[in-house]
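Only one structure is covered here, and it is reproduced in the block below.
The values are calculated or read from the model by the stated rules, or taken from the named source; none is laboratory data. Not measured: the values here are computed from a predicted model. No Cβ is skipped: glycine too gets one built from the backbone with ideal geometry, and neighbour counts run over all protein chains shown.
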Amino acid sequence: MTVYAVPGTPGSKVTFKSRYENWIGGEWVAPVKGQYFEDITPVTGKPFAEVARGTAEDIELALNAAHKAAPAWGKTSPTERAAVLNKIADLIDANTEMLAVAETWDNGKAVRETINADIPLAADHFRYFASAIRAQDGDHAQLDGDTVSYQFHEPLGVVGQIIPWNFPILMAVWKLAPALAAGNAIVLKPAEQTPVSILVLMELIGDILPPGVVNVVNGFGLEAGKPLASSNRIRKIAFTGETTTGRLILQYASANIIPSTVELGGKSPNIFFSDVAQEKDAFYDKAQEGFVLFAFNQGEVCTAPSRALLQKPIYDSFLGDAVTRAKKIIQGNPLDTDTQMGAQASNDQLEKILSYIDIGTKEGAKLALGGERADLGGDLTDGYYVQPTIFEGHNKMRLFQEEIFGPVLAVTSFTDYDDAISIANDTIYGLGAGVWSRNGNVAYRAGRDIQAGRVWVNNYHAYPAGAAFGGYKSSGIGRENNKLALGHYQQTKNLLVSYSENKLGFF
Amino acid sequence: MSTPTITASVTIAGETAPRVELTPVAVDLLRSLWEEHGPLMFHQSGGCCDGSSPMLFMAGEFITSDQDVRLGQFDLAPAGGAAQPLDFWMSAEQFNYWSHTFLTVDVVPGRGSGFSAEAPRGVRFLIRSELMTTMTPFAAPAGADTVEAEAAAPPAAAPVPA
């Protein structure tokens, strides 16, 4: 067990600056209007740094810097860009604990997750896209004996990216890595709940990149996000967030006729067929853990397995064992490596989760575990902690249909395969899903029949670079984590070349 | 004079009961934001980080379509003042799952993201929900007979399988 020192105290892995400005053109730039806002750590509910409250004027400065940098960066060779991405990855790896503690303090999540998942995955994503861009070939076709079509990948130019708060560094990297690999310059706006950890990352890696290739402007959505998303100076906008803002961003993109990739959440079913319980062996233990993964990252994951579907014959026994297991979740100081569940990211997030617990109860769902705010006492008493919560109910309840984005699980039963698929697909979302069965045929068919972009079969919540990630239905458009993402940041240039000396003969 | 609760007018064809209301603190905040920004609209969001929250935009900023339902219209104007209409919208597909609940727009401290207009004030709109007595709370669970909306009072507790 290790308890990391609070940032800024003796022995801490990270000391935050008292004030963070915008990162524009390779240097810190004060916001034009001179305004700042407080960044609050969810761990204690107290402010710990001031952050630039950027506006349209700052977005323009960042776009200026990006447009200045884009032509040269776009002409670098894939070899050079890959070397830059690999250097970034090495620096992240060399500073895992520092970044992990910064991320935990900004977001509230348990440090064992940031150390073992968020930060190593961030480094690996840079390495993956360093490899992917070097391995990417253009295309050609000999259309007839004298005519050849060549297709080249070209960067889009300057792109905008808006980042969510649930994995502030990793979600930024999911978007930065493919965009940089493809040769674009970027203006990135972090979430206003978690504006600082990305800037700590930029302090670390900023000098590796040519000035202006990555620019970070903080601020509120209306004041900084909208001017970025609606700007006619970007060639693409990428967004992870919720459906209404996603639609708004797509509307802005349509006004500028630019592409947009949006990842908009989910209400992911986690299906357990009866055969998982035919033995109480290692696989059963794994499946039980798979059920309890609803509490991973305090439930603040777009793909959180927030609907558990249990086949009727094992409903009582499997749920009973799982509730017992969920009761053992260690909730505590997020800086303690033994802590399994930390704080929700913000006060309004906490309030929203509690409001869903309330409607769940009113709808007649049966509470099997938790259901209240958790007071962890001491310095943590004002932090944003919620008990792991399990409800039993049915799929038409709002509890089963809305993304609560907290450690709240809705459990129901199903009779047979068709019933399972029907319930699983009865949702407006289609981001993630889980299927658990010892029967490979059943698991495969279920995986194909569920309308979701990512179906985990006999596992959950793994996000390795290389496995394409993105939504069906109202969960969004586009794929990340895979070389497919390069295509979201590239133009296709076709050179159609005639090697014939002979005229067409039309005129 | 203390700020009243404001209940939205009925805007869905064939319905007679209101679906949305504003708490007094929400009314005060909306009046203040109206002064700052002019006419406003709500669109209820689903999903992900800052989702499942009502998003407040300048009126017309968010383009609604046949894929949206207007749940009601508020008039923010104080008694005797010129009308200040504010529509509350939701996507039609989301409304399929929300239609049995009455929504109260409240305000809590916090920092929303998205492009909602109140975020710079350090507060966030929040939905509180009640079951509507005039709506059937749920489409029938699997195996049961289909129940038409508005056909009957809701059961005291929804059936819980298993």
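Hey, can you tell me all the residues within segment A:51-88 that are in contact with a strand residue (DSSP E or B) (Cβ under 6 Å, 6 or more places away or on another chain), of a type outside the set (A, V, I, L, M, F, W, C) and crowded, with 19+ Cβ neighbours inside 10 Å?
Scanning segment A:51-88 gives A:Arg53, A:Gly54, A:Asp58.
For B:Phe88, state whether it is touching a Phe, Trp or Tyr at 6+ places or on another chain (Cβ under 7 Å), within 19 Å of B:Thr11 (Cβ to Cβ) and of a type outside the set (Val, Ile, Thr).
yes
Might you check whether a residue that is within 14 Å of another protein chain (Cβ to nearest Cβ), assigned to a strand (DSSP E or B) and either surrounded by 24 or more Cβ atoms within 10 Å (Cβ to Cβ) or out of contact with any Asp or Glu (no Cβ under 7 Å at 6 or more places or on another chain) (or both) occurs anywhere in segment A:136-156?
No, because not a single residue in segment A:136-156 is within 14 Å of another protein chain (Cβ to nearest Cβ), assigned to a strand (DSSP E or B) and either surrounded by 24 or more Cβ atoms within 10 Å (Cβ to Cβ) or out of contact with any Asp or Glu (no Cβ under 7 Å at 6 or more places or on another chain) (or both).
For residues that are more than 31 Å from the chain's Cα centre (by Cα) and in contact (Cβ under 8 Å) with a residue 12 or more places away in the chain, scanning just segment A:309-318, find the one that is nearest to the other protein chains (Cβ to nearest Cβ).
Only one residue fits best here, namely A:Tyr315.
Is at least one residue of segment A:295-308 of a type in the set (Lys, Arg), touching an Asp or Glu at 6+ places or on another chain (Cβ under 9 Å) and within 14 Å of chain B (Cβ to nearest Cβ)?
Looking through segment A:295-308, none of the residues is of a type in the set (Lys, Arg), touching an Asp or Glu at 6+ places or on another chain (Cβ under 9 Å) and within 14 Å of chain B (Cβ to nearest Cβ).
Within segment A:455-477, can you find the residues that are part of a strand (DSSP E or B) and at positive phi?
Scanning segment A:455-477 gives A:Lys473, A:Gly476.
Could you check how many residues of segment A:67-92 are among the polar types (S, T, N, Q) and either touching an Asp or Glu at 6+ places or on another chain (Cβ under 8 Å) or over 14 Å from A:Ser131 (Cα atoms) (or both)?
The number of residues fulfilling the criteria is 1.
Restricting segment A:319-336 to residues that are of a type in the set (A, V, I, L, M) and touching a residue at least 24 places away in the same chain (Cβ under 8 Å), which is surrounded by the most Cβ atoms within 10 Å (Cβ to Cβ)?
Applying the filter and picking the extreme gives A:Ala322.
For segment B:63-80, give me each residue that is under 16 Å from B:Ser32 (Cα atoms) and touching a strand residue (DSSP E or B) at 6+ places or on another chain (Cβ under 9 Å).
Scanning segment B:63-80 gives B:Phe74, B:Asp75, B:Leu76, B:Ala77.
For residues that are aromatic (Phe, Trp, Tyr) and farther than 20 Å from B:Cys48 by Cα, scanning just segment A:392-429, find the one that is nearest to the other protein chains (Cβ to nearest Cβ).
A:Phe414
Determine whether segment A:342-353 contains at least one residue that is more than 22 Å from A:Phe48 (Cα to Cα) and either away from every other protein chain (no Cβ under 14 Å) or surrounded by fewer than 24 Cβ atoms within 10 Å (Cβ to Cβ) (or both).
Looking through segment A:342-353, none of the residues is more than 22 Å from A:Phe48 (Cα to Cα) and either away from every other protein chain (no Cβ under 14 Å) or surrounded by fewer than 24 Cβ atoms within 10 Å (Cβ to Cβ) (or both).
Would you pick out the residues in segment A:464-486 that are in contact with a Leu (Cβ under 6 Å, 6 or more places away or on another chain) and more than 30 Å from B:Asp68 (Cβ to Cβ)?
Correct list: A:Ala468 only.
Restricting attention to segment A:247-278, which residues are surrounded by fewer than 23 Cβ atoms within 10 Å (Cβ to Cβ), aliphatic (A, V, I, L, M) and in contact with a strand residue (DSSP E or B) (Cβ under 8 Å, 6 or more places away or on another chain)?
Once the filter is applied, which keeps residues that are surrounded by fewer than 23 Cβ atoms within 10 Å (Cβ to Cβ), aliphatic (A, V, I, L, M) and in contact with a strand residue (DSSP E or B) (Cβ under 8 Å, 6 or more places away or on another chain), segment A:247-278 yields A:Leu250, A:Ala253, A:Ile258.
State all residues of segment A:215-236 that are of a type in the set (S, T, N, Q) and within 26 Å of A:Val200 (Cβ to Cβ); if no residue qualifies, say none.
Result: A:Asn215, A:Asn218.
Taking the condition within 30 Å of A:Pro31 (Cβ to Cβ), of a type in the set (Gly, Ala, Ser) and at pLDDT 95 or above, does A:Ala82 pass?
no
Answer with yes or no whether B:Thr64 is in contact (Cβ under 8 Å) with a residue 24 or more places away in the chain, among the polar types (S, T, N, Q), within 14 Å of another protein chain (Cβ to nearest Cβ) and within 30 Å of A:Gly430 (Cβ to Cβ).
Yes, satisfied.
Would you confirm whether any residue within segment A:458-468 is at pLDDT 95 or above and in contact with a Pro (Cβ under 9 Å, 6 or more places away or on another chain)?
yes
Counting just the residues of segment A:478-498 that are of a type in the set (D, E, K, R) and assigned to a strand (DSSP E or B), which one comes out surrounded by the most Cβ atoms within 10 Å (Cβ to Cβ)?
Selected residue: A:Glu480.
Look at segment B:98-127 and say how many of its residues are over 19 Å from B:Cys49 (Cβ atoms) and facing another protein chain (nearest Cβ under 7 Å).
So the count comes out to 2.
Can you name every one of the strands (runs of 3 or more DSSP E) wholly within segment A:5-109 that holds 1 or more residues which are under 23 Å from A:Ala181 (Cα atoms)?
A:22-24, A:27-29
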